[in-house]
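A.B. asks: A single structure is presented below for examination.
The values are calculated or read from the model by the stated rules, or taken from the named source; none is laboratory data. The shown structure was predicted, so the numbers you read here are calculated from the model rather than taken from an experiment. Every residue, glycine among them, receives a Cβ derived from its backbone with ideal geometry; neighbour counts consider all protein chains shown. What goes into the accessible areas is simple: the full protein's heavy atoms, side chains included, and nothing from ligands, DNA or RNA. Shrake-Rupley method; radii C 1.70, N 1.55, O 1.52, S 1.80 Å.
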Amino acid sequence: MPAVAFTAARASTPADVRHLPGSPGLRRTQLALFGAGLATFLLLYSTQALLPSLSSSLHLTPSQASWTVSAASIGLAVAVIPISAMSERFGRTRIMTISVFAAVAIALVLPFTGDLATLTALRALQGVALAGLPATAMAYLAEEVHPSALASAMGLYVAGNSIGGMSGRLLSGVVAGSYGWRAGLASVAVAALICAVAFRLLIPRARCFRPGPVNPRALWRTVTGHVANPLLARLFALGLLFMTVFGAVYTVLGYRLVAAPFGLPQGVASSIFVVYLVGTVASAASARVGARLGRRGALYAAVATTTVGLLLTLPESLPLTLIGLVLITAGFFTGHCVASAAVGRTATHGRAQASALYLAAYYVGNSLGGAAGADAYHSVGWGGTVAVALAAMALAGCVTAYGTVSARRHPQAALG
């Protein structure tokens, strides 16, 4: 009898069907989400390297052309929270599939647009479509991958994001240098389509997802509760401010490099986005920096590194500009990684909504930085763009300092 009872109890215990390290399912999941991340960031920043070409072809100021970048970021920021809620009802895989193919469909139309208004509107819609991937990919991985394999799966997904961000800028810019901005956009659309098809063919069927009702009132209470949390609000602000710098610098940099005194060809100027790979290294190192300096110490280091990088770009020297860009990129990714990781640890409930709010603030910062940086460049030159970025870093330093003071007064609410 005891043996029978033991067998029955063991049979009634549900098996853990999550993907384990080394399993075929995990490899497929990793490759699928790598492809999804690649497609997302290929498309999100596809026009950033093309801004000088767009200005020349469509007779646009830098400020006007920058809206082709900002519109996509705004669309993503607006849609990320409601789409993350929809994935609770309709499933992660379905939302990600619809998202990536809708964004690719819009990308295939973009090369045929002929005016700024249409291009900007389509880019905003593309941002809304793209919101489905960052809103649900992390949740899919957390549900379907065993905790022992989750870190490596997350790492490959983030690597896809980073490589996609660089590749989209690099591919579109290099192709546009030879064949024009329409060909540049078309090349990115085709590359993203290949990634989307690979994602759909590789992604395993969800085995752990359980649909639940979407409760707008509960969602609203969770979101407003997170915004009212002083510590989370500071982290959201830091994400916005760091991304303001990144958006301003990378949106305007192409204009500066093709203009005097540098006068680089479009294709060569676009190759500068290879520096984006510094972000991959900085992201991996951010955990060690945080362990050594504490979260606030790492944030101070990120602000200082970014500030020094910005100042180095002011002289009309290409080597100094490149060194400055390396420091700006390293500082940005360090600050972003530290702040975003702290959001997950700080939120005691509604972590998906907390992460979505951080993403929303992050992409609002990209839009603000791109628009304000381009406006300043059009008005007073590169020094104006740097002034916008330095102001954002000064505010980030103030936010971090306020967190330091608050932690001393209320140790239980410390940031790090």
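A.B. asks: If you place +1 on the Cβ of every Lys and Arg, -1 on the Cβ of every Asp and Glu, and leave all else neutral, what size is the dipole of the chain about its Cα centre, to the nearest 20 Debye?
C.D. replies: Dipole of the chain, to the nearest 20 debye: 1260 debye.
A.B. asks: Hey, rough spin-label estimate for Val109 and Asn215, points 7 angstrom out along Cα→Cβ, what's it come to in nanometres?
C.D. replies: 3.8
A.B. asks: Here is a follow-up. To the nearest 10 degrees, how steeply does helix 92-109 sit against the main Cα axis of the chain, on a 0 to 90 scale?
C.D. replies: Value to nearest ten degrees: 20.
A.B. asks: Among 366-377, 296-307, 252-263, what's the highest-first ranking by average C-beta atoms within 10 angstrom per residue?
C.D. replies: 366-377, 296-307, 252-263
A.B. asks: Hey, another quick one. Pairing the Cα long axis of helix 318-346 with the longest principal axis of the chain, what angle in degrees results, from 0 to 90 and rounded to the nearest 10?
C.D. replies: Approximately 30 degrees, to the nearest ten.
A.B. asks: Considering the chain as a Gaussian network with a 10 Å cut-off on Cα pairs, which listed residue, Leu185, Leu219, Leu38, attains the greatest mean-square fluctuation?
C.D. replies: Leu219
A.B. asks: Taking a virtual spin label 7 Å from the Cα of Ser406 along the C-beta vector, which residues in region 228-246 bring their backbone nitrogen under 12 Å of it?
C.D. replies: 228-238
A.B. asks: If each Cα of region 184-301 is one equal point scatterer, what is log10 of I(q)/I(0) from the Debye formula at q = 0.15 Å⁻¹?
C.D. replies: For the requested q values the scattering log ratios are -1.17.
A.B. asks: I would also like to ask the following. Give the label of the value calculated from the structure for semi-axes √(5λ) of the Cα gyration tensor in Å, choosing from (1) 36, 35, 16; (2) 37, 27, 19; (3) 71, 23, 18.
C.D. replies: Read-out from the structure maps to (2).
A.B. asks: Mind pulling the angle between the C-alpha long axis of helix 230-258 and the longest principal axis of the chain? Nearest 10 degrees, somewhere in 0 to 90.
C.D. replies: Tilt of helix 230-258: around 40 degrees.
A.B. asks: Same structure again: Amide H to amide H, which residues 5 or more places from Val145 or on other chains are under 5 Å from it, using H placed in the peptide plane?
C.D. replies: Hits under the 5 Å cutoff: His19.
A.B. asks: What is the P(r) of region 70-201, as percent of Cα-Cα pairs per 10 Å bin from 0?
C.D. replies: All Cα pairs, binned at 10 Å, distribute as 12, 39, 35, 12, 2, 0 percent.
A.B. asks: For the chain, what is the accessible area per residue in Å² when the probe is 1.4 Å?
C.D. replies: 41
A.B. asks: Taking 0.36 nm per intervening residue step and subtracting the Cα-Cα distance, what contour gain separates Cys398 from Ser379 on full extension?
C.D. replies: Full extension of this stretch gives 4.1 nm more.
A.B. asks: Give me the one-decimal Kirkwood hydrodynamic radius in Å for region 268-311, with the sum taken over alpha-carbon pairs.
C.D. replies: For region 268-311, inverting the mean 1/r across all distinct Cα pairs yields 11.7 Å.
A.B. asks: May I pose another question? Helix-only mean residue ellipticity at 222 nm, the chain, DSSP H runs n ≥ 4 weighted -39,500 (n - 2.57), per residue, nearest 500. What is it?
C.D. replies: After summing the helix terms and dividing by the residues of the chain, the value is -28500 deg cm²/dmol.
A.B. asks: If a paramagnetic tag sat 7 Å from the Cα of Thr61 along the Cα-Cβ line, which residues of region 246-262 would have the backbone N under 19 Å from that point?
C.D. replies: 248-249, 251-256, 259
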